[in-house]
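The values are calculated or read from the model by the stated rules, or taken from the named source; none is laboratory data. This is a predicted model, so every value here is computed, not measured. Reconstructed Cβ throughout: ideal geometry from the backbone, glycine too, with neighbour counts over all protein chains shown. What goes into the accessible areas is simple: the full protein's heavy atoms, side chains included, and nothing from ligands, DNA or RNA. Shrake-Rupley method; radii C 1.70, N 1.55, O 1.52, S 1.80 Å.
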Amino acid sequence: MSLFPVVVATATAEAQDPVRMSFIYLAYLGASVCFILGLRGLTKPDSARQGMQLAFFGMLAAIAGTLVNHEVVSYGWVLVGMAVGTLIGWPLGTKVAMTAMPQRIAISHLFGALAASLVGISEYYTHALSAGGVPRAQMAALGFEVLFGSLTVSGSFMAFGKLHEILPGRGITFKGQNAVNGLIFFSSTALLIYLVIDPSASWAFYTMAGIAFLAGFTLVLPIGGADMPVVVSLLNSYAGLAASATGFAISNPVLIIAGALDGGSGLLLSVLMSKAMNRSFSNVLFGAFGSTVQASIGSGAKGEMKEVTMEDAALALRYAKSVVVVPGYGLAVAQAQKTVGELAEILEGHGNQVRYAVHPVAGRMPGHMNVLLAEANISWEKIVEMEEINEHFHDVDVAVVIGANDVVNPAAKNDPGSPIYGMPILNVDQARRIFVLKRGKGAGFAGIENDLSVDEKTSLLFGDAKSTLQRLVSEMKSLT
């Protein structure tokens with residue numbers, strides 16, 4: 001998630017009151033320090049809340065420093081902007097359900113990138129009509145800003161549509177798609193270079209903005225639902241890079257620093273998640289991953305699904321010494337995180353060990369499952385990373401999979417014809433017994449059948465995850 005909105009007002013190069021200028025730059029310095037420390041705090045679960053608070057105070061300082069300079073934007077327009085932003089931002093922050101958080105993040109990227117793009121277009125229009133024109137250095141920053149900003153606007157809109165299921169969740173591909181994306185990329189880059197050489201070529205500027213806007217659609221169009229966490233992180237990086245370029249274009253140091261932090265961290269996270277999915281990052285950039293490997297004929301889950309009674313499931317959990325819960329997007333849909341916490345309390349009361357195995361790309365955005373578990377007051381110390389828990393699954397008595405599909409699918413290890421073949425997964429199939437909670441017998445969000453569902457050690461509990469867990473909790477209580 002972006003740590004900041006794009007601040008469009010900045011100090012001009014004209015001389016101002018030294019006291020005022022000192023306050024502005026001290027505020028920007030304090031904001032930058034808060035952003036850096038806040039990002040560092042987000043690297044650990046126990047300091048994440050403090051990191052967000054530091055980021056909040058950093059943004060407050062940045063806004064205060066900008067508001068002191070009244071020579072570029074009148075206070076009337078600033079107040080209008082703050083009012084509109086509050087009317088939009090408050091409901092997004094307080095009313096949006098946790099299940100809709102991924103698409104809310106996508107919309108946030110859209111707004112930030114739109115602000116950066118509009119600032120870049122406004123700056124170009126203003127300077128292009130002036131006698132001196134646009135300096136080449138500033139043109140490079142403006143072009144970079146508008147290129148990445150326009151791409152992020154349309155790309156975020158597409159991501160929102162896929163996540164909110166307004167658009168098909170599966171990737172849509174066509175013949176020669178990579179060639180089209182490559183042509184779009186090189187065309188926009190060539191126009192940017194031409195603009196740096198000849199900043200007065202307004203036709204090239206607006207054509208570049210249009211091509212970049214089109215690129216956002218073509219880049220996200222072929223990406224399937226299982227890969228959306230990487231896309232959200234990558235779009236976050238693009239929005240940050242656009243904001244940083246805005247800072248260079250309008251000489252705003254806090255935008256340069258905050259944008260670079262956002263862009264760099266988002267890019268690094270995208271690379272790490274691509275690695276966790278065994279995807280090529282070059283495929284991420286060209287929007288073809290998740291579509292280049294086609295399932296072979298006859299591939300997919302074979303066998304019969306076995307349903308288990310609530311009584312048998314409760315008994316198995318009651319006498320299991322080691323239990324691992326594997327949350328997925330189905331947990332978020334059902335809002336069952338607190339019920340999971342209640343079940344864990346009962347098991348721990350009997351002396352059972354309960355841990356939570358979270359795949360790096362579980363859910364529909366980075367850290368989705370961690371946020372859900374934190375909302376249920378589940379200690380971060382009980383959340384185990386994939387690399388660590390995979391070494392111990394063979395010692396797990398019962399694994400409980402709640403709404404997870406691709407990240408536990410053994411086809412990623414055993415079926416070369418599977419679209420997810422080669423993706424590192426949680427080795428749930430090595431547990432002594434497995435319970436899978438799912439609504440029905442259909443495939444997951446990515447449309448891939450889960451071989452784990454027909455494993456001889458697997459039993460299924462069909463129905464809404466929350467109601468199923470509530471019945472399981474009631475059955476557990478009756479055993480005490």
Tell me the mean residue ellipticity at 222 nm calculated for the chain from its helices only (DSSP H runs of n ≥ 4, each -39500 (n - 2.57), averaged over every residue, nearest 500). -19000 deg cm²/dmol
Between the modelled labels at residue 200 and residue 86 (7 Å from Cα along Cα→Cβ) the distance in nm is 4.7 nm
With N set to the number of residues, divide the alpha-carbon radius of gyration of the chain by 2.2 N^0.38 Å and report two decimals. 1.09
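Quick check: net charge around residue 403, other residues with Cβ under 12 Å of its Cβ, Lys/Arg +1 and Asp/Glu -1?
Details: positive: 364, 438, 439, 466; negative: 406, 464.
Here the charged neighbours net out to +2.
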P(r) tail fraction, the stretch 222-269 - alpha-carbon pairs more than 18 Å apart, %: 35 percent
Could you name the lysines in cross-link range of residue 457, using Cα to Cα under 26 Å and dropping any fewer than eight places away on the same chain? 302, 306, 321, 382, 413, 438, 441, 466, 477
I need the peptides 347-357, 145-155, 252-262, 227-237 ranked by packing, meaning the mean over residues of other C-beta atoms within 10 angstrom, with the highest value on top. 145-155, 227-237, 252-262, 347-357
Find, to one decimal place in angstroms, the Kirkwood hydrodynamic radius of the stretch 119-249, where the mean of 1/r is taken over every pair of different Cα atoms and then inverted. 15.3 Å
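Sorted by mean Cβ packing within 10 Å, highest first, what order do the peptides 56-62, 217-223 take? Don't skip to the end; give the middle numbers.
Details: 56-62: 19.4, 217-223: 22.7.
Going by the mean number of other Cβ atoms within 10 Å, highest first, we get 217-223, 56-62.
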In cubic angstrom, how much convex hull volume per residue do the alpha carbon atoms of the stretch 374-480 span? 134 Å³
How large is the Kirkwood hydrodynamic radius of the stretch 81-173, in angstrom, based on all distinct alpha carbon pairs? 15.2 Å
Student exercise, the chain dipole from Lys, Arg, Asp, Glu Cβ charges, in Debye to nearest 20: 380 debye
The correct pair for the stretch 25-77, radius of gyration to one decimal and Dmax as a whole number, both in Å and from Cα atoms, is 13.4, 43
For residue 338, tell me the accessible area in Å² from a 1.4 Å probe, rounded to the nearest 10. 130 Å²
Take the solvent-accessible surface of the protein heavy atoms, probe 1.4 Å, and return the percent of it on the stretch 31-186 that carbon and sulfur atoms account for. 71 percent
Heavy-atom accessible area of residue 35 with all protein chains present, probe 1.4 Å, nearest 10 Å²? 0 Å²
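Find, to one decimal place in angstroms, the Kirkwood hydrodynamic radius of the stretch 359-420, where the mean of 1/r is taken over every pair of different Cα atoms and then inverted. Before the final figure, lay out the partial values.
Values: mean 1/r = 0.0744 Å⁻¹.
13.4 Å is the Kirkwood radius here.
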